[in-house]
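Shown next, in C-alpha cells, is the structure this report addresses.
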Amino acid sequence: MKSKHQSLNSKLMKYLHPAVSKPTGSIINFLNQKNISPLQETNWESYQLKPIIVASIIINILELASPLYINIVYTSILPSESVSSLIVLTVIVVTLMIINGWIKSVRLSLIGDGGARIDHKKRLEAISHFLQIDMNDFFKLSPTQHIQRLSAINILKDESSLQSLITAIDLIFSVLFIIVLFMIGGAVGFTAIGGIAIYLFKAFKFSKEYEEISRSRDLIDLQTRSFHEEVIEAADLIKANGLQQKMIVESEIYQDRRAHERMRQNQQSGIFQAFGSLTGQLTFSTGITLGAFLVITDNLSVGALAASILLLGKILTPWQQAMNLLNSYRRIAHSRDEYKSLMSIPITSKPGKKSIGDWHYIKINKNKDIAITAEEGEIILIKDQLHGENTRHIFLEIAGIKQSNGLLINDINVEEISSDHLKEYIAYIDPSRSFFKGTLLENLTGFQFKKNRRLALFWSMLSGLDEEVRKLPDGYNTQMSDTTSNILSRDTEAIAHIVTALSQDPKLIMIDLSNYSYGKQFVDRLEKILKRCELGKIVLIGGGGPVFSKITKKSLYLQETSKEVLQ
C-alpha cells in the first residue's frame with residue numbers, strides 16, 4: 001500500500017505542474033434541460049459576453065442578406081433590366097457576406113478563449129479540492145483509481161455554457177426565419193417544420209446511445225492508460241520473472257477493446273452524420289418541389305421561391321448545431337461524472353483565519369488527555385505505547401494534514417487556524433517517504449528554488465549531506481523520483497527530507513520515525529541538526545528508540561487514555 005501511494009505522489013506532480021438576466025423563452029428552457037447545464041448557474045464574468053452576443057445577433061441578421069438579394073433581383077432588377085442596380089446591389093451583398101464571415105471568425109475566437117479559461121479553472125478547482133479531501137476518503141480508492149479520475153477530469157471541456165447561449169440565439173433567429181419563410185413562401189414553411197421535427201426525433205434517440213458508447217470508450221481508454229503505466233513502473237520485475245508474454249497478451253486485450261469501442265463510436269457518428277445530411281437534402285428537395293408547384297399554379301413568384309430555398313438551407317443548420325452540442329456534452333459524460341464525484345467529496349474543513357502570534361512557546365492540548373508544552377530551543381522525545389503510532393496521529397493533526405478532534409495549539413482550535421499559517425510555521429517530516437520527480441536541489445528546496453535555495457544549502461552543509469551529494473556525478477542536479485534507488489543511502493535520504501523541511505524555516509519541527517529504521521549515520525547527522533535547532537526552533541521527535549534519549553534533553557510519554565487519539 002505504501003509503495004502504491006508513493007508512486008501516486010510522482011504521478012500527481014504531472015497534474016500540479018497540468019452579466020446576463022435570466023433567460024426566457026421555450027427554446028432556452030429547452031436547452032437548459034436534456035443534461036445541458038443551467039445557464040443561470042454559469043459564471044458569465046469569465047466570458048467576454050457582450051461582444052459575443054452582439055456578434056451573434058449581427059451574424060443572424062446578415063444571414064438574411066442573400067435571400068433578400070435573390071428576391072430583389074427576381075422581382076425588381078430582372079424586370080427592369082437595370083445593370084447598374086445589379087452591380088451596386090451585388091457589391092453591397094458581397095461586402096455584407098465578407099463582414100459576416102469576419103464576425104463569425106471573431107466570435108469563434110472569443111468563444112474559444114472563454115472556454116479555455118473555464119476549462120483551466122475547472123481543472124484547478126478539481127486539483128485543489130482533491131488535495132483538501134480527508135485522508136479517510138482518499139484511502140477509499142486505490143492510487144490507480146485516483147489517477148484515472150484525474151485523467152478523466154483533465155479532458156473535461158467547456159461545452160455547455162457559452163455554446164448553449166450562442167445556440168439559443170441562433171435557434172431564436174431560426175424561428176424568426178421560419179416566420180419569414182411563411183411570409184415569403186407560404187406553404188413552403190411547413191417543409192421546414194416537418195424536417196426539424198423528424199430530425200429532432202431521431203437525433204435525441206441517437207444522443208442517448210452516443211452517451212453510453214462514449215462513456216464506455218473513455219473508461220476503456222483510462223484503464224488501458226493505467227495498465228501501461230503499471231507495466232512501465234514494473235518493467236524490471238516483469239523481465240526478471242519472465243512475464244513478458246503475459247503482459248503482451250493482456251495488452252492486446254486492452255487494445256482490442258479500445259478498437260472495438262472506437263469502431264462503435266465511429267459507426268454511430270457516421271450514421272448520424274448521414275441521417276443529418278439526408279434530412280437536410282429531403283427537406284430542401286421537398287421545399288423546392290412544393291415551391292415549384294406553387295409557382296406553376298401562380299400562388300408564388302419565382303423570386304419568392306428562390307428566397308425561400310435559401311432560407312430553408314439556413315433554418316435547419318442551428319438545430320443541427322444544437323444536437324451536435326448535446327452530443328458533444330454527452331461525449332464527456334464520464335469526465336463530467338468524475339468531476340461531480342470528486343467535488344461531492346467533503347474537504348477536511350473550512351479554512352480557518354486565526355494565527356498564532358508567538359511561537360517562542362507552544363502548548364498543545366487534546367481533550368484534556370494529551371498535553372505538550374515546549375519553549376523555543378527545546379528538543380522533546382515523545383513516546384507512546386504503540387511505538388510512535390499515537391504520536392504520528394497527533395503530529396498529523398498539529399500540521400493540519402489530518403482532521404482534528406479537539407486539538408488546541410496555544411488555546412486555539414487547530415481547525416480555526418489558517419492552513420497557510422500552519423504550513424509556514426510547522427513542518428511534519430516523514431524520513432521514509434520517497435522523493436518527487438525532479439532534481440535533488442528542487443526536492444531540497446521544496447520546488448521553490450529562489451526562495452529556499454540559501455537555507456537548503458546551509459542545512460545541507462551543516463548536516464554533512466553536502467559531502468554525500470558532491471560524490472554524485474551530477475551533484476545537486478541528480479534526477480530523483482519515487483523509483484530512485486542506490487543513488488543515496490537510506491540514512492542520507494532521510495537527512496535530505498529533514499533538510500527539505502528546514503529550508504522553509506519553520507518554527508515547529510515534528511520528526512516522525514514510526515515508519516523508519518535508522519542507522520548510526522542518521523543519528524549522528526541528526527544530532528548536528530538538533531544542536532543548531534536549539535537556537536530558535538522547537539523540535540518534537542516521535543517513534544524514536546532509546547538512542548534518542550541521549551541527544552534530547554527532555555522526553556514525554558503519551559498515555560493512551562482516550563480512543564480519540566487514534567481517530
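Derivation of every value follows stated rules applied to the coordinates shown; laboratory data play no part. Computed from a prediction, not measured in an experiment: that's the story for all the values here. Cβ sites come from the backbone with ideal geometry, for glycine too, and all protein chains shown count toward neighbours.
For the chain, the C-alpha radius of gyration divided by 2.2 N^0.38 Å, with N the number of residues, is 1.39. Peptides 276-283, 340-347 ranked from most to least packed give 276-283, 340-347, packing being the mean of other C-beta atoms within 10 angstrom over each peptide's residues.
The string of couplings for segment 172-187 from the Karplus curve (6.51, -1.76, 1.60, θ = phi - 60°) is 4, 5, 4, 5, 5, 5, 5, 4, 4, 4, 5, 5, 8, x, x, 5 Hz, one whole number per residue in order, with x for Gly and Pro.
Here's how it looks for K383: its modeled amide H is under 5 Å from those of L556, Y557, L558, which are all 5 or more places away or on a different chain. Orientation-averaged projection of segment 424-478 equals 4.3 nm² [convex hull of Cα atoms, one quarter of hull surface area]. Within segment 445-481, the trypsin sites (Lys or Arg not before Pro) that combine a DSSP coil assignment with at most 14 other C-beta atoms in a 10 angstrom radius are R470, K471. Ordered by the number of other Cβ atoms lying within 10 Å of each residue's own Cβ, fewest first, S84, S460, S514, S269 fall into the sequence S84, S269, S514, S460.
May I ask for the net charge around K104, where only other residues with Cβ less than 12 Å from the Cβ of K104 are counted and Lys, Arg are +1 while Asp, Glu are -1?
Values: positive: R107; negative: E63, D170.
Value of the local net charge: -1.
Sorted ascending by nearby beta carbons within 10 Å, beginning with the fewest, V523, V180 become V523, V180.
Can you work out D for segment 22-344 in µm² s⁻¹ from Stokes-Einstein, where Rh is the Kirkwood radius over C-alpha pairs, the temperature is 4 °C and the viscosity is 1.567 mPa s? Don't skip to the end; give the middle numbers.
Values: Rh = 23.4 Å.
So the translational diffusion coefficient is about 55 µm²/s.
When the chain is described by a simple charge dipole with +1 on each Lys and Arg Cβ and -1 on each Asp and Glu Cβ, the residue from S308, L422, I487 located farthest towards its positive end is I487.
Amide H contacts under 5 Å for E63: none, restricted to partners 5 or more places along the chain or on a different chain, H placed in the peptide plane at 1.01 Å from N.
Evaluate the charge dipole of the chain about its Cα centre and quote only its size in Debye, nearest 20, assuming +1 on the Cβ of each Lys and Arg and -1 on the Cβ of each Asp and Glu.
Taking the Cα centre of the chain as origin, the dipole is about 220 debye.
When each of the peptides 306-315, 437-446 is scored by the mean number of other C-beta atoms lying within 10 Å of its residues, the order from highest to lowest reads 306-315, 437-446. Highest average first, the peptides 260-268, 214-222, 403-411 ordered by how many other beta carbon atoms sit within 10 Å of their residues are 214-222, 403-411, 260-268. Please list the non-local residues whose amide H lies under 5 Å from the amide H of K402, H modeled 1.01 Å from N, same-chain partners needing a gap of 5 or more. Placed amide hydrogens put E397 under 5 Å from K402.
Add +1 for every Lys or Arg and -1 for every Asp or Glu among the other residues with Cβ under 15 Å from the Cβ of E424, and state the total. Please report the intermediate quantities before stating the final value.
Details: positive: K353, K354, K423, K451, K507, K537; negative: D358, D420, D505.
The answer is +3.
Calculation over all alpha carbon pairs of segment 361-566 in 10 angstrom steps from 0 returns a P(r) of 8, 36, 35, 17, 3, 0 percent.
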